[in-house]
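Heads up, the thing below is written out as structure tokens.
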């Protein structure tokens, strides 16, 4: 019937599609697009029955059965295993993509059916392999190369004591076709792509920033930014304290920092600069998994890049110590850091006060009313981009499985030719078709490798979208701090001064003994209150200047640069990836033209 669901071993039951790997769960859709009902299916899909293969046993095992000896071997593997893992792990997630694993295993010279069995045992319904499953795959390769018999976990357990090293060649690094790196920042120090004829002004010679001198000084800021990277240090401090390595392209030495150091930095800067755009810290969690740690690492990287490139905060002493002091924990214990608000030590000159527009509140209200919608839209785009990333990772992994299955058929088809009996040699047609299917498998391997490289474009796009989302979130937090901290006691002090002045008049009229001393005390109190009022009025003006600076200089320029550069990089990356994938299909078409039909 029309819209009848498929049953059996269809994709609808695959945990790969219903439970995405890599820690991403899609809040917008409960299932992947692959698991929808097939509207063109008129009958149920038959359950696949595997053909018997030499040295390959049965169905794939969804779960690897535990074995203490095997677990001990995988927890303390040979150094070659660790070297190969580090060479293939481009990310910080502690995982190797399935296409990368396939490229490595192909150098073992084992039959494709054996490699398919190994991946069925280790990467069943996965798009990537973690350390233990990757080491298990290498051990199974060594078993197959040494024993030449059935590849199974039981055979591996029996051979653990005499298992040799696998004979593998490390595949050369695959250079991505796109020039977008996985650590791309939309505020990078150089333009990724040049657009012919692109103009930076919209109306003749009139500046985009309306004549604001500070905003004009920030023009082209993204060409001269400091770029900071945050890396996870594998060795933990104690049982659970994770440390991070902070590396800057404009500072001499890498530094080790704990999450609590980042918390201290944000707390200090919030007290000093309550009316500046301050990024939020990623959350903390007890017993986090690898995916959460990776997301937090990227969040810390965005946090630091926003701070060191803020036109005011980048000169802060506490931030500079954080970015330069090697023994930061000892420095914190030794030094007492001032948390005095910025307005106490800074004074505005008349020219700076005149720059503040009289309709500042209306300008801020215009942004304030639209911030919730902007944040929601960017959060939705982040979710959609992460879904796109997961789909591409699934496509790369499925392409690898497709390639191995094709290679297996290419090996089995000539061997199944009836002319092999009694001569042992297949006919020319079966041999040529098998060779052609091998070329098709090679094409799918190239496609898997290309899609694996293309994930860097989506990873960069996700980070660019999160950077923009974080910027809107930072302004939302700024509005919250402003409404809470901008209040003062000027009106109360003025009423108190009026009361003190009246009390002075009454005291002078009464002229009781010692009234002069009482009047003098009241005059001193009035002078102190007037000084406090002057300081508070200066603070009011300074707060307005800060809000105008953050709106017109920091937010306005960075909003434009982040959107333009981020989307430009994504579009160009996708264009180059599509061209590279097209070339793979064109080469495959040329190979298929030479494949016989009869």
* Asked: Where in region 261-280 does the amide nitrogen come within less than 18 Å of the point 7 Å from the Cα of residue 346, taken along Cα to Cβ?
  -> 266-279
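Find how much the distance from residue 223 to residue 335 grows on full extension, using 0.36 nm per residue of separation minus their present alpha carbon separation; answer in nm with one decimal. Kindly include the intermediate steps, with their values, before the conclusion.
Values: separation 112, 0.36 × 112 = 40.32 nm, distance 3.54 nm.
Answer, rounded to one decimal: 36.8 nm.
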* State the extension gain, in nm to one decimal, for the chain segment bounded by residue 597 and residue 527, taking 0.36 nm per residue of separation less the distance between their alpha-carbons. => 14.9 nm
* Could you give the nm distance between label points at residue 515 and residue 380, where each point is 7 Å from its Cα heading toward the beta carbon? -> 7.4
* Asked: Computed over the Cα atoms, what is the radius of gyration of region 226-346 divided by 2.2 N^0.38 Å, N being its residue count?
  -> 1.06
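May I ask you to compute the full-extension gain from residue 559 to residue 76, defined as 0.36 nm times their residue separation minus their alpha-carbon distance, rounded to one decimal in nm?
Roughly 169.0 nm would be gained on extension.
To the nearest 0.05, what FRET efficiency results for residue 125 and residue 155 with a Förster distance of 35 Å applied to their C-beta separation? Walk me through the numbers on the way to the answer.
Values: r = 23 Å, r/R0 = 0.65.
Using R0 = 35 Å, I get an efficiency of 0.95.
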* **Cβ-Cβ FRET estimate between residue 271 and residue 367, R0 fixed at 35 Å, reported to 0.05** => 0.90
* To do: Be a star and scan region 580-598 for residues whose amide nitrogen sits under 13 Å from the point 7 Å along the Cα-to-Cβ vector of residue 432.
  => 592-598
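Go through 95-101, 73-79, 329-335, 272-278 and give me the packing order, highest mean Cβ count within 10 Å leading.
On the way: 95-101: 26.3, 73-79: 14.6, 329-335: 11.4, 272-278: 21.6.
Result, highest mean first: 95-101, 272-278, 73-79, 329-335.
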* Using a simple spin-label model with points 7 Å from Cα along the Cα→Cβ vector, what separation in nm is obtained for residue 418 and residue 354? -> 10.1
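Compare the peptides 253-260, 457-464 by average per-residue count of other Cβ atoms within 10 angstrom and give them in order, highest first. It would help to have the intermediate numbers written out before the result.
Working: 253-260: 15.1, 457-464: 23.9.
Averaged packing, sorted descending, gives the order 457-464, 253-260.
None of the figures in this text is laboratory data; all of them are computed from the coordinates on show. Everything quoted here is computed from the prediction, not taken from an experiment. Don't worry about glycine lacking a Cβ; one is built from the backbone with ideal geometry, like all the others, and counts go over all protein chains shown.
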